[in-house]
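Below is one structure, written out as structure tokens, with a few remarks after it.
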Amino acid sequence: MPKTKHIAFMGTSKSGLGHLRRIANVAAQVARRDPSARLSLMTNAEPAALQPAEFACFSQIIVCDKSEMSSVLAKTQATVAVADTMTLPGIGVFRGQSVLILRETPSDRLKKFRRDDGRAWDCVIVPNTVAHWLPPLASDFARRLEAAGWITRRTGVRGPREANAGIVLATGGGGTPETRAELYPLLNALLRQAKARSDHGFHIRQALGPRSQGETLAEADEVFDPGADLNTVFRRADVVISTAGYNSVLELASTDTPALIVPIPRSLDDQAARAELWGPRLGFGLLPNRLDAAATWLADQVDNPRRRSPADLGPDGAERAAEILLDMLCPVS
């Protein structure tokens, strides 16, 4: 058994918060199961949108460029290193066990996540159910492959006395400038058409964090900062219009809030496929040539409010991931 039980988590956070959310979900379960384990977080931007209890899981938070993470990692004396869907240049300098949390990735891009020193990851954890996606990884890619289940904050249904959050638009700042140039005109057209078809019109509240300042949508009537509790805003909303990111879709799935899912092009995950899968289960998926139908659905949902049943996400994947990490940290002799 190692003298120091130390797990170092690594994720990028410049372009989105999904990595940090997954890491925090797993870290919270590790801390709950074994409070004596030391947990570190390394990220390439100041971490945001985490709750105080999630920050408290980490004894150390290091902000450094991704190109420096391996060398910094090697100095931490960590026993297990966990990278969330990212490459780690120079990972060979770290001599401990290595774990990759690998979100859904097109098969032609899987090789991007191989270790660059020729060694295999000790374990690859896939944050979804076995039936949803299991990549065909060779033994020189990963010594072990585990589908842990969905890793997300499970928020639940809106309470009868909870404050109403209204109609919430949650698309961040639209991603990159290139993505925003494509997404924002589509959203403006959608909202204009939906407002025109509604019997009463409606008020759009756009959720924007501090990193997205100045990226307000023209058709938004109000802008607010959801802080670390966007998932509870989702629960309290009448309707949510959201991009089809892993965390956003799953956090919405665990609520009873109807949602309009809008995919954007991404380099790794297929948001169009996610919108096609989850759209009908959560409300509506805006796929190509369906703008008219999406506007009609949104107007009708506003004029005739109705909740839905939360999706059954199965066992908590964060609990299973924590179990795997702790087993690696303290293997049974």
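The values are calculated or read from the model by the stated rules, or taken from the named source; none is laboratory data. Remember, predicted model here, so these are calculated numbers, not experimental data. Positions of Cβ are backbone-derived with ideal geometry, glycine not excepted, and every protein chain shown enters the neighbour counts. To get the accessible areas, we keep the full protein, side chains included, count just its heavy atoms, and leave off ligands, DNA and RNA. Shrake-Rupley method; radii C 1.70, N 1.55, O 1.52, S 1.80 Å.
Counting just the residues of the range 274-289 that are in a loop (DSSP other than H, G, I, E, B) and in contact with a helix residue (DSSP H, G or I) (Cβ under 9 Å, 6 or more places away or on another chain), which one comes out modelled with the lowest pLDDT?
Pro288
Find the residue count for the range 56-72, including only residues that are within 23 Å of Lys111 (Cβ to Cβ) and touching a helix residue (DSSP H, G or I) at 6+ places or on another chain (Cβ under 8 Å).
1
Which one of Pro136, Pro160 is in a loop (DSSP other than H, G, I, E, B), farther than 23 Å from Gly209 by Cα, without any contact (Cβ under 8 Å) to a residue 24 or more places away in the chain and open to solvent by 20 Å² or more (accessible area, probe 1.4 Å)? Reasoning before the result, please.
Details: Pro136 fails: without any contact (Cβ under 8 Å) to a residue 24 or more places away in the chain.
Only one candidate passes the filter, namely Pro160.
Would you be able to tell me the number of residues in the range 105-127 that are open to solvent by less than 30 Å² (accessible area, probe 1.4 Å) and either modelled with pLDDT under 95 or not small (Gly, Ala, Ser) (or both)?
Adding up the residues that qualify gives 11.
Yes or no, residue by residue, for (1) surrounded by fewer than 18 Cβ atoms within 10 Å (Cβ to Cβ); (2) on the phi > 0 side of the Ramachandran plot; (3) at pLDDT 95 or above; (4) in contact with a His (Cβ under 7 Å, 6 or more places away or on another chain):
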site	(1), (2), (3), (4)
Val168	no, no, yes, no
Pro177	yes, no, no, no
Ala189	yes, no, yes, no
Ala196	yes, no, yes, no
His203	yes, no, yes, no
Gln206	no, no, yes, no
Leu217	no, no, no, no
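Please give the strands (runs of 3 or more DSSP E) falling wholly within the range 1-104 in which 2 or more residues are within 19 Å of Asp117 (Cβ to Cβ) and either under 21 Å from the mean Cα position of the chain (by Cα) or at pLDDT below 95 (or both).
On the way: elements: 6-11, 38-43, 60-63, 80-84, 97-101.
Output list reads 6-11, 80-84, 97-101.
Filter the range 10-53 down to the residues that are open to solvent by 10 Å² or more (accessible area, probe 1.4 Å), farther than 24 Å from Thr232 by Cα and not small (Gly, Ala, Ser) and list them by number.
Arg33, Asp34, Pro35, Arg38, Asn44
In the range 231-248, which residues are more than 19 Å from Gly317 (Cα to Cα) and touching a Pro at 6+ places or on another chain (Cβ under 8 Å)?
Val233, Asp238, Val239, Val240, Thr243, Ala244
Being surrounded by 17 or more Cβ atoms within 10 Å (Cβ to Cβ), closer than 24 Å to Ser248 by Cα and not charged (D, E, K, R) narrows it down to one of Ala293, Ala318, so name that one.
The conditions single out Ala318.
Could you say which residue among Ile61, Ile23 is touching a Pro at 6+ places or on another chain (Cβ under 8 Å) and among the β-branched types (Val, Ile, Thr)?
So the residue among Ile61, Ile23 that is touching a Pro at 6+ places or on another chain (Cβ under 8 Å) and among the β-branched types (Val, Ile, Thr) is Ile61.
Does Gly166 satisfy the condition of being more than 21 Å from the chain's Cα centre (by Cα) and under 30 Å from Lys195 (Cα atoms)? I'd like the intermediate steps shown before the answer.
Details: more than 21 Å from the chain's Cα centre (by Cα): yes; under 30 Å from Lys195 (Cα atoms): yes.
Criteria met by Gly166.
Just need a number here: residues in the range 143-166 that are under 16 Å from Ala131 (Cβ atoms) and modelled with pLDDT under 95.
Matching residues across the range 143-166 total 0.
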